[in-house]
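Chemist: Got a structure for you, written out below as structure tokens; questions coming shortly.
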Amino acid sequence: MNLTESALGLAVGVAALAALAVAALPGRWRPACAGAGTALAGAAGVAAGVAALTGRPFSLSLPGLLPLSGLEFGADRLSGFFIAVTGAVAVPAGVYATGYLRHSGTSRSACAFLPLFAASMLLVPAAAWAVTLLACWELMALTSLLQVLAEHRRRPEVAEAGRWYAVMTHLGFACILAALMLAGGGSLLAVRHLPAGLAGTVFVLALAGFGSKAGIVPLHAWLPRAHPEAPSHVSALMSAAMVNLGVYGIIRTGFGLLGGGARWWWLLVLALGAVSAVYGILQAAMSSDLKRLLGYSTTENMGLVLVGLGAAGLFAGTGHRVLAGLALTAALLHVAGHAAFKTLLFLSAGAVAQRAGTRDLDALGGLRGGMPATTAAFAWGALAASALPPGTAFVSEWLLLQALIHGLPGGGTAAAVVLPTAVAAVALTAGLSAATFVKAFGTGFLARPRSDGAARAAEAPGSMLAGMALAGAACAVLALVPGAVLPALARAAAMTAGPAVAGLVTLRLSGAAGELSPLLLALAVLAVTLVAAGWLRVLPGRRARRAARLWDCGAGPLTARMEYTATAFAEPLQRVFDDVLAPETGIDVTHLDEARYLVAAVEYRRRVPDRVERRLYQPALAAVRAWGEAGRRLAPGSVHRYLGYGFYAVVALLIVLTVTR
Amino acid sequence: MLNLWRKIRAHGRVAEPPVGGRGYPLVPGLRGSVQVRHVDAGSCGGCEVEIGAAFGPVYDAERYGARLVASPRHADALLVTGVVTRNMSEPLRRTYDAVPAPKLVVAVGDCARDCGVFKGAYGVAGAVGDVLPVDAEVAGCPPRPEAIVAAVRGLTGR
Ligand code: SF4
């Protein structure tokens with residue numbers, strides 16, 4: 001029994017014990033127990049993941065546990081990476097949950113299933129056989145669904161979000177089931193040689209199933225609904241850890257199980273990734289619900305990861321294994337970075353939602369005074385998410401762009417068309433994400449409070465801040481010294497492609513020209529900021545100074561109504577992307593009865609609905625409904641008729657059997 | 001590029017010196033260039049029309065080094081028109097506060113000088129001189145653009 005195996009066993013054991021303890025304990029102890037269980041399971045998961053990532057694979061067979069097939073576990077470096085990331089998200093989320101759950105008074109079942117949810121996510125990448133994967137996947141889906149529904153008594157929207165999530169996740173499950181059965185079931189760690197057509201079908205089904213979990217457009221509809229409505233530590237677990245498992249599934253089936261495959265697969269992945277990235281961040285930029293914004297940003301980041309995967313597949317197909325390794329390493333680093341900053345962002349957004357009583361950016365503002373630590377946490381997360389140095393996403397997106405640009409010469413016609421477009425999409429996404437997070441931070445946390453709740457908001461308790469601090473530290477490590485984790489990631493990627501990046505302080509691309517030193521860059525930014533601040537302090541010091549009132553046009557004090565709202569901030573972007581977003585606006589002018597020339601009131605409405613949802617899902621839902629209505633006529637409630645149906649069905653079956661025999 | 005910078009440094013400000021024929025500028029620190037903020041403290045609108053004419057293409061007060069700006073924070077001088085109404089007296093005081101020193105106040109029109117036709121009317125707090133220290137005055141109801149230009153030249157000294 002090696003370290004990986006025992007640590008993973010420990011994680012599952014701790015989670016199960018914590019769940020049992022929560023079920024038995026009185027209400028006062030439940031939050032602490034559930035949170036501690038989750039955090040400890042996460043810590044054990046990190047240990048297991050790191051052990052597997054640094055080259056201690058394991059395999060474990062439990063034949064008696066599940067009838068017919070048993071359970072088979074095993075982990076290589078790639079699984080180890082995803083186990084480690086999941087565990088690393090679970091630790092801060094668990095610590096945070098001890099404080100959060102105490103103040104939101106969640107039910108016994110919601111507390112009890114929290115550690116189980118974390119443990120099931122740790123098991124998914126460790127599943128070595130198809131049936132084991134499906135079992136763990138379903139366990140993860142069910143426990144996460146229970147978590148999403150945790151606050152359904154207080155908010156009716158939660159039930160609707162839960163319905164969307166339940167349906168979408170099970171459709172995804174059906175796709176994965178079909179894909180794995182078509183591929184012949186059995187071990188996931190061995191390459192299967194299938195005929196091209198069948199392999200293509202398997203891949204597309206797996207892409208649909210796993211992609212829906214990763215929130216890829218057009219299968220993302222559940223994500224911006226379910227992630228905001230869940231309690232915030234669950235949002236963090238789902239948005240930072242669970243979506244990654246969709247990526248894991250795509251890598252495992254595409255590179256591992258099917259061993260590479262045709263070029264069109266990866267072009268499809270790349271195109272879906274680019275569309276998701278741009279569409280996700282556009283919707284995030286339009287969103288004025290803080291957590292919904294973060295949910296859409298998850299779609300964006302998973303899109304970027306898929307761009308990396310698609311590029312890796314393309315390069316591997318044309319024999320450029322070094323570049324393929326670079327693209328895959330960039331994708332994995334982005335997975336890790338996204339996990340870190342999205343955990344931080346969701347945890348701080350949760351503190352805001354709990355303390356200010358609203359997630360609406362148009363009603364927030366002025367939190368800097370009441371919640372300084374949370375504000376700092378969100379600011380650091382926003383910087384990490386916006387692909388600007390010294391942020392976390394900057395390093396991985398830089399690597400991704402390097403891979404795409406260097407891949408141009410050797411890729412053939414398709415690559416010559418697709419890669420520049422992908423570069424443009426990544427660049428556009430980076431710019432829009434900066435605007436989005438400026439909006440979220442600027443209107444949500446700075447300026448004056450726009451509502452009583454925001455004005456009264458007090459700082460979150462220590463345990464919640466500790467959770468944010470852990471996630472923030474992870475962001476800092478990945479942003480400043482990515483060289484510490486990159487070799488391990490490169491080796492995990494090399495399992496399927498080739499080694500790519502080297503260097504601890506300065507990252508050097510092997511096989512392509514390119515160098516970056518995030519630490520030195522951060523120091524330079526810091527130095528310039530300090531010099532500028534010092535200069536501004538010294539410069540006016542020599543002249544006489546006079547304190548004057550803030551210029552407010554001479555009128556009374558400035559009010560919160562005069563501030564830029566989130567909606568107003570996003571309006572120029574909405575105009576630019578009018579054709580894509582198709583916003584709905586309406587103006588109603590009411591006149592006075594006495595004279596048509598006098599206006600009594602003007603009402604302006606604006607909504608930016610999710611266009612994919614409107615065009616794709618609503619017709620499908622309408623069709624399903626129509627079908628159901630039509631089916632109703634067959635079941636009018638008469639017992640005789642039902643007996644008749646049974647009789648005719650048996651007769652028809654007999655006839656069919658006689659004829660075909 | 002460096003050469004250009006060096007030239008800019010060596011030459012400093014290149015403008016015609018204040019000629020002094022119209023008297024030196026009221027504040028030596030302004031050196032022939034005055035940024036002007038116009039404040040309507042309760043005018044009938046007539047003085048505004050004339051100020052517009054004075055800074056328009058016909059009279060072109062800008063050629064004497066004066067320029068209308070959009071905020072008191074950018075200004076060296078206030079051009080105040082009209083009687084100071086009760087509602088505008090506090091904003092006027094705040095506007096004056098917002099102008100960085102050294103600063104000048106010009107009362108334009110008879111209303112601004114001594115309440116003009118509105119003297120004793122309801123809602124009038126007084127002339128500009130009752131609220132702020134006035135440095136120059138322009139008479140007339142409304143004053144002619146030439147008079148406004150002359151006052152502006154008094155400020156810039158050009
Ligand atoms: S001085 Fe004459 S033109 Fe100017 S504001 Fe007074 S009444 Fe109007």
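The values are calculated or read from the model by the stated rules, or taken from the named source; none is laboratory data. Given the structure is predicted, the values throughout are model-derived calculations rather than measurements. Methodologically, a virtual Cβ is constructed for each residue, glycine included, from the backbone with ideal geometry; neighbour enumeration extends over all protein chains shown. Surface areas here come from the heavy atoms of the whole protein model, side chains and all, with no ligands, DNA or RNA. Shrake-Rupley method; radii C 1.70, N 1.55, O 1.52, S 1.80 Å.
Chemist: Quick one: accessible area per residue over region A:307-533, 1.4 Å probe, rounded to a whole number of Å²?
Modeler: Ligands and nucleic acids excluded, the result is 33 Å² per residue.
Chemist: Compute the relative contact order of region B:70-158 as a whole-number percentage, counting only Cα pairs closer than 8 Å that sit 6 or more residues apart in sequence.
Modeler: Values: 146 pairs, mean separation 27.4, N = 89.
It rounds to 31 percent for region B:70-158.
Chemist: Based on the mean of other beta carbon atoms within 10 Å per residue, what is the order of A:47-55, A:550-558, A:589-597, most packed first?
Modeler: Ranked from most to least packed, the peptides come out as A:47-55, A:550-558, A:589-597.
Chemist: For the protein assembly as shown, give the percent of accessible area contributed by carbon and sulfur heavy atoms, probe 1.4 Å, rounded to a whole number. Don't jump to the answer; show the numbers that get you there.
Modeler: Values: 23600 of 36290 Å².
Answer for the protein assembly as shown: carbon and sulfur cover 65 percent of the accessible area.
Chemist: Toward the positive end of the charge dipole of chain A, about the Cα centre and with charges on Cβ (Lys, Arg +1; Asp, Glu -1), which of A:L114, A:C175, A:A422 goes farthest?
Modeler: Positive-end residue among those listed: A:L114.
Chemist: Can you count the Lys pairs in the protein assembly as shown whose Cα atoms are under 25 Å apart, with each pair 8 or more apart or on different chains?
Modeler: The number of close lysine pairs in the protein assembly as shown is 5.
Chemist: Now a separate question. For a protection proxy built on the mean count of beta-carbon atoms within 10 angstrom, sort A:613-625, A:142-154, A:185-197, A:290-302 highest first, please.
Modeler: Output ranking for A:613-625, A:142-154, A:185-197, A:290-302: A:290-302, A:142-154, A:185-197, A:613-625.
Chemist: Now for a separate question. With each label point set 7 Å from Cα along the Cα-Cβ vector, what nm distance links B:D130 and A:V656?
Modeler: 10.1
Chemist: Amide H of B:L104: which non-local residues (sequence gap of 5 or more, or other chain) have their own amide H closer than 5 Å, using H built in the peptide plane?
Modeler: B:A77, B:L78
Chemist: Something else: What residues qualify as long-range amide H neighbours of B:L68, i.e. H under 5 Å apart, gap of 5 or more or another chain, H built at 1.01 Å from N?
Modeler: Under 5 Å from the amide H of B:L68: B:V36.
Chemist: Also, I was wondering about something else. Tell me the per residue accessible area of region A:613-660 using a 1.4 Å probe; a whole number in Å² is fine.
Modeler: On a per-residue basis, region A:613-660 sits at 89 Å².
Chemist: Which value, in Å², gives the accessible area per residue of region B:33-156 when a 1.4 Å probe is used on the protein heavy atoms?
Modeler: About 43 Å² of surface per residue is accessible.
Chemist: Divide by every residue of chain B the summed helix terms, -39500 (n - 2.57) for each DSSP H run of at least 4, and state the resulting mean residue ellipticity at 222 nm, rounded to the nearest 500 deg cm²/dmol.
Modeler: Per the formula, -9500 deg cm²/dmol.
Chemist: Can you pull out the buried accessible area for chains A and B, both sides counted, probe 1.4 Å, rounded to the nearest 100 Å²? Don't skip to the end; give the middle numbers.
Modeler: Details: alone 28260 and 8720 Å², together 36290 Å².
Using a 1.4 Å probe, the pair buries roughly 700 Å².
Chemist: Shielding by partners for B:71-78, please: the mean number of other protein chain Cβ atoms within 10 Å of each residue's Cβ.
Modeler: Whole-number average of other-chain Cβ neighbours for B:71-78 is 1.
Chemist: Residues of region A:540-566 that become at least 50 Å² less accessible with every protein chain present than in their own chain isolated, using 1.4 Å: which are they?
Modeler: Flagged in region A:540-566: A:R546, A:R549, A:W551, A:G554.
Chemist: Can you work out ³J(HN,Hα) from phi for every residue in region B:144-158, in order, using Karplus 6.51 cos²θ - 1.76 cosθ + 1.60 and θ = phi - 60°, giving whole Hz and x for Gly and Pro?
Modeler: Karplus-based 3J(HN,Hα) across region B:144-158 equals 6, x, 4, 5, 5, 4, 4, 5, 5, 5, x, 6, 7, x, 10 Hz.
Chemist: Now a separate question. Peptides A:642-648, A:127-133: what's the order by average Cβ count within 10 Å, highest mean first?
Modeler: In decreasing order of mean packing, A:642-648, A:127-133 become A:127-133, A:642-648.
Chemist: Here's a follow-up. Would you work out the relative contact order for chain A, in percent, from Cα pairs under 8 angstrom that are 6 or more residues apart?
Modeler: Over chain A, the number comes to 11 percent.
Chemist: Right, next: Give, ordered by residue number, each residue of region B:79-97 whose 1.4 Å probe accessible area is reduced by a minimum of 50 Å² on adding the remaining protein chains to the chain alone.
Modeler: B:R94
Chemist: Take every residue in peptide A:324-335, count the Cβ atoms of other chains within 10 Å of its Cβ, and give the average of those counts.
Modeler: The mean count of partner-chain Cβ atoms within 10 Å per residue comes to 0.
Chemist: Give, rounded to the nearest 20 debye, the magnitude of the charge dipole that the protein assembly as shown has about its Cα centre when Lys and Arg contribute +1 at Cβ and Asp and Glu contribute -1 at Cβ. Show your work: numbers first, answer last.
Modeler: Working: 67 positive and 44 negative charges, 198 e Å.
For this selection, approximately 960 debye.
Chemist: Something else: Rounded to the nearest 500, what is chain A's calculated 222 nm mean residue ellipticity when only DSSP H runs of at least 4 contribute -39500 (n - 2.57) each, over all residues?
Modeler: Working: 25 runs with 436 residues, N = 661.
Roughly -22000 deg cm²/dmol at 222 nm, from the helical runs in chain A.
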